[in-house]
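First the structure, in the form of structure tokens, and then the observations on it.
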Amino acid sequence: MADLFELEDLRKLLRLSVDEFDSDAAGIARRQAGGWLSDATGLMTWPDPLPERLWSWGIELGSIAYNNPEGAESEQIDDYRVVNDVDRREAILAAARASYPSSVPGAGPQWSFPLPDWSWGPQEYTSQGG
């Protein structure tokens, strides 16, 4: 199974030095991003090669999870306020749901039916009894 993104790519995206980057926390963030995307797309494994949009959604969700592991909507310390990416996460997941509607359980037909055979016409009923 392909990884959603490489941890080194996440470190570079976040512009963290090797010493600042917590690879254990990044691994957890990757799993969390994968869970969010799996729920949205219905994919249980990632295709290999990974489509660019899945990689892009995954690494952005990973950065959201890495920077905000508690899932807080905002944080304020004195006059410094940070609004986290809850809305952006929902926008990414909505795009993923829209792009993979047939993969989401319950999103499409639950059974397959054969195409109708229109080659025959109405039949006349005849009794075979005595």
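In the list A29, A40, A25, which residue meets the criterion of being modelled with pLDDT under 95 and in contact with a helix residue (DSSP H, G or I) (Cβ under 7 Å, 6 or more places away or on another chain)?
Details: A29 fails: modelled with pLDDT under 95; A25 fails: modelled with pLDDT under 95.
Going through A29, A40, A25 in turn, the sole match is A40.
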Restricting the range 38-58 to residues that are more than 8 Å from the chain's Cα centre (by Cα) and hydroxyl-bearing (S, T, Y), which is most open to solvent (accessible area, probe 1.4 Å)? T45
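Could you check the range 42-74 and list, in sequence order, the residues that are part of a helix (DSSP H, G or I) and in contact with a Lys or Arg (Cβ under 7 Å, 6 or more places away or on another chain)? Working first, answer last.
Residues of the range 42-74 that are part of a helix (DSSP H, G or I), as a first pass: 52-67.
If the condition is that a residue be part of a helix (DSSP H, G or I) and in contact with a Lys or Arg (Cβ under 7 Å, 6 or more places away or on another chain), then L61, G62, I64 are the ones that fit.
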Please determine, by comparing only the residues of the range 1-21 that are touching a residue at least 40 places away in the same chain (Cβ under 8 Å) and part of a loop (DSSP other than H, G, I, E, B), which one is nearest to the chain's Cα centre (by Cα). L4
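Check S99, S112, S63, S56 and return the single one that is among the polar types (S, T, N, Q) and at pLDDT below 85.
Details: S99 fails: at pLDDT below 85; S63 fails: at pLDDT below 85; S56 fails: at pLDDT below 85.
Of S99, S112, S63, S56, the one residue that is among the polar types (S, T, N, Q) and at pLDDT below 85 is S112.
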Just to be sure before I move on: is D79 surrounded by fewer than 13 Cβ atoms within 10 Å (Cβ to Cβ) and modelled with pLDDT under 90 in the structure I sent? yes
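The values are calculated or read from the model by the stated rules, or taken from the named source; none is laboratory data. Since we're looking at a predicted model, the values are computed, not measured. Neighbour counts run over all protein chains shown; Cβ positions are idealised from the backbone, glycine included. Surface accessibility is based on the protein's heavy atoms, side chains included, excluding ligands, DNA and RNA. Shrake-Rupley method; radii C 1.70, N 1.55, O 1.52, S 1.80 Å.
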